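Below is one structure, written out as structure tokens; comments come after it.
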Amino acid sequence: MDRGQAKFVVVLHSHLPWVVGHGRWPFGEEWIYEIAWSSYLPLLRCIRNLARDGIPANLAVSLTPVLAEQLASEAFRNGFPAYLKDRRQRVVEDRSEFLAKGQTELARLASWMEEQLQAAVEAFDAI
């Protein structure tokens, strides 16, 4: 194999059953929101960073039609930011409670999480 050819290729395949419009916890819309926040947005950030830095990536991403339709739906476009903002508000409340109890390390962690959630809102808004 030539040194210039890839020796390792990452292929990501993603599927999620139709959950948009099927209520909330534990297997409703929150499922797709959690995955979008914890997987899809970070993956997009990594791909954009590689492109920004001029690093070629041998990467294939496959989405099933069911998942693609959900991600493109108006319900997802409206629900996902609301989910992130709700999570952020919960973290703010947790931080206040941690500070009231003198749990400064947990309060610091909550501050970090709040920043992560705000960055996710901004990243999604920019898409």
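Computed from the coordinates by the stated procedures, all read-outs in this text should not be read as laboratory data. Just so it is clear, the model here is predicted, and its values are computed rather than measured. For neighbour counting, all protein chains shown are included, and Cβ atoms are generated from backbone atoms with ideal geometry for every residue, glycine included.
Below, the figures for the structure above:
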quantity	calculated
Estimated [θ] at 222 nm from DSSP helical runs (n ≥ 4, -39500 (n - 2.57)) normalised by residues in the chain, nearest 500	-20000 deg cm²/dmol
Exposure proxy order (Cβ contacts within 10 Å, fewest to most) of E114, E34, E29, E105	E105, E34, E114, E29
Added length on full extension, which subtracts the Cα-Cα distance from 0.36 nm per residue, S73 to D53	4.0 nm
Which labelled figure in (i) 61, 35, 24; (ii) 38, 31, 24; (iii) 34, 33, 22 is Cα extents along the principal axes in Å, once derived from the coordinates	(i)
Taking S73, S38 and counting other C-beta atoms within 10 Å, the order from fewest to most	S38, S73
Per-residue ³J(HN,Hα) for segment 95-108, Karplus 6.51 cos²θ - 1.76 cosθ + 1.60, θ = phi - 60°, Hz, x for Gly and Pro	4, 4, 5, 4, 5, 5, 8, x, 8, 5, 5, 5, 5, 5
Taking R52, R87, R45 and counting other C-beta atoms within 10 Å, the order from fewest to most	R52, R45, R87
